[in-house]
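Peer 1: I am attaching a structure below and will ask some questions about it afterwards.
The values are calculated or read from the model by the stated rules, or taken from the named source; none is laboratory data. Remember, predicted model here, so these are calculated numbers, not experimental data. Here the Cβ positions follow ideal geometry from the backbone for every residue, glycine too, while neighbour counts run over all protein chains shown. To get the accessible areas, we keep the full protein, side chains included, count just its heavy atoms, and leave off ligands, DNA and RNA. Shrake-Rupley method; radii C 1.70, N 1.55, O 1.52, S 1.80 Å.
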Amino acid sequence: MSKPIVELIEALMFEAIGVTTMALSRASAGELTLAQWRALVVLGRAESLRVGGVSTSVGQSLPSTSRLIRRLEDRGLVATTRGEVDRRETLVSLTPAGHALRDEIIAIRREIIESALAEPHEPLTPGLEGGLSQVARLLGDYE
């Protein structure tokens, strides 16, 4: 992979964090951190996960992840249960409210992206490298 493509993808990812932050601020959830959002994303892809799996996916220590899960559980966004085979194991899953919030934030994020791409601009350059560069710039200009 060429260095310019990696840098373009990194720029796109950087702008995606900005778009996600905007979507989080517009959602009905109130304050939701990026780590909490990441947990909702990860849990939305699985029926349930062990706390350790959430910890690995979110990139936090087990104690930090346990606190994060407790905060989400207090808000009614996740539920925890004991493992059936190993009762020491804690499983985490999204509640219907957690699924609804995750879907709402994804929809808001898509609206932001669609709006940024609908703004008057020169046509997207054919080819991955040029297209990614323009998309990252457009999303960055949208802020």
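Peer 1: Pairs of alpha-carbon atoms within less than 8 angstrom and 6+ residues apart define the contacts here; what relative contact order does the chain have, in percent? Can you show the working numbers first?
Peer 2: Numbers: 147 pairs, mean separation 45.7, N = 143.
This gives 32 percent for the chain.
Peer 1: Taking amide hydrogens as modeled 1.01 Å from N in the peptide plane, which residues meet the under 5 Å criterion relative to ARG50, leaving out close sequence neighbours?
Peer 2: Those lying under 5 Å, H to H, from ARG50 are VAL92.
Peer 1: Return a whole-number percent for the relative contact order of the range 38-115, with Cα pairs under 8 Å and 6 or more residues apart as the contact set.
Peer 2: Numbers: 84 pairs, mean separation 25.1, N = 78.
About 32 percent, as a whole number.
Peer 1: Another question, if that's okay. Quick one: what are the phi-derived ³J(HN,Hα) couplings along the range 89-97, Karplus 6.51/-1.76/1.60 with θ = phi - 60°, whole Hz, x for glycine and proline?
Peer 2: Values, residue by residue: 7, 10, 9, 10, 9, 6, 8, x, 5 Hz.
Peer 1: How much accessible area per residue does the chain have, counting only protein heavy atoms and a probe of 1.4 Å, in square angstrom?
Peer 2: Values: 8650 Å² over 143 residues.
Accessible area per residue: 60 Å².
Peer 1: Label ARG137 and ARG45 with points 7 Å out from Cα along Cα→Cβ: what is the distance between them in nm?
Peer 2: Output for this residue pair reads 3.1 nm.
Peer 1: Moving on to the next point. Once you have a ≥ b ≥ c as the square roots of the Cα gyration tensor eigenvalues for the range 1-79, tell me rounded if a/c is under 1.5, and otherwise prolate or oblate according to whether a/b is larger than b/c.
Peer 2: Numbers: a/c = 2.57, a/b = 1.54, b/c = 1.67.
Oblate, because a/c is 1.5 or more while a/b does not exceed b/c.
Peer 1: Per DSSP H run of at least 4 residues, take -39500 (n - 2.57); add these up for the chain, divide by its residues and hand me the 222 nm value, nearest 500 deg cm²/dmol. Display every interim value, and only then the final one.
Peer 2: Working: 6 runs with 94 residues, N = 143.
Estimated from H runs of four or more residues: -21500 deg cm²/dmol.
Peer 1: Please report, as a whole percent, how much of the solvent-accessible surface of the range 10-143 comes from carbon and sulfur atoms (probe radius 1.4 Å). Before the final figure, lay out the partial values.
Peer 2: On the way: 4240 of 7910 Å².
Looking at the range 10-143 in its full context, I get 54 percent from C and S.
Peer 1: Could you identify which residue out of PRO63, PRO96, PRO123 has the top mean-square fluctuation in a GNM of the chain using Cα springs shorter than 10 Å?
Peer 2: Taking springs between Cα atoms under 10 Å, the residue moving most is PRO123.
Peer 1: Given labels modelled 7 Å from the Cα in the Cβ direction, how far is it in nm from ASP74 to HIS99?
Peer 2: Roughly 2.6 nm, to one decimal.
Peer 1: Then there is this: Find how much the distance from VAL85 to ALA35 grows on full extension, using 0.36 nm per residue of separation minus their present alpha carbon separation; answer in nm with one decimal.
Peer 2: Working: separation 50, 0.36 × 50 = 18.00 nm, distance 2.89 nm.
So the extension gain works out to 15.1 nm.
Peer 1: Counting alpha carbon pairs within less than 8 Å and at least 6 residues apart, what relative contact order, in whole percent, applies to the range 30-77?
Peer 2: Numbers: 22 pairs, mean separation 15.9, N = 48.
Value for the range 30-77: 33 percent.
Peer 1: Which ³J(HN,Hα) values in Hz, rounded to whole numbers, follow from the phi angles of the range 33-38 under the Karplus curve 6.51 cos²θ - 1.76 cosθ + 1.60, where θ = phi - 60° and Gly and Pro get x?
Peer 2: For the range 33-38, the Karplus-derived couplings read 6, 4, 5, 5, 4, 4 Hz, x marking Gly and Pro.
Peer 1: Determine ³J(HN,Hα), in whole Hz, for all residues of the range 48-54 in sequence, where each value follows from phi through the Karplus function 6.51 cos²θ - 1.76 cosθ + 1.60 and θ = phi - 60°; x replaces Gly and Pro.
Peer 2: Karplus-based 3J(HN,Hα) across the range 48-54 equals 7, 9, 5, 4, x, x, 5 Hz.
Peer 1: Extending each Cα 7 Å along its Cβ direction at SER25 and MET13, get the distance between those two points in nm, one decimal.
Peer 2: 2.3 nm
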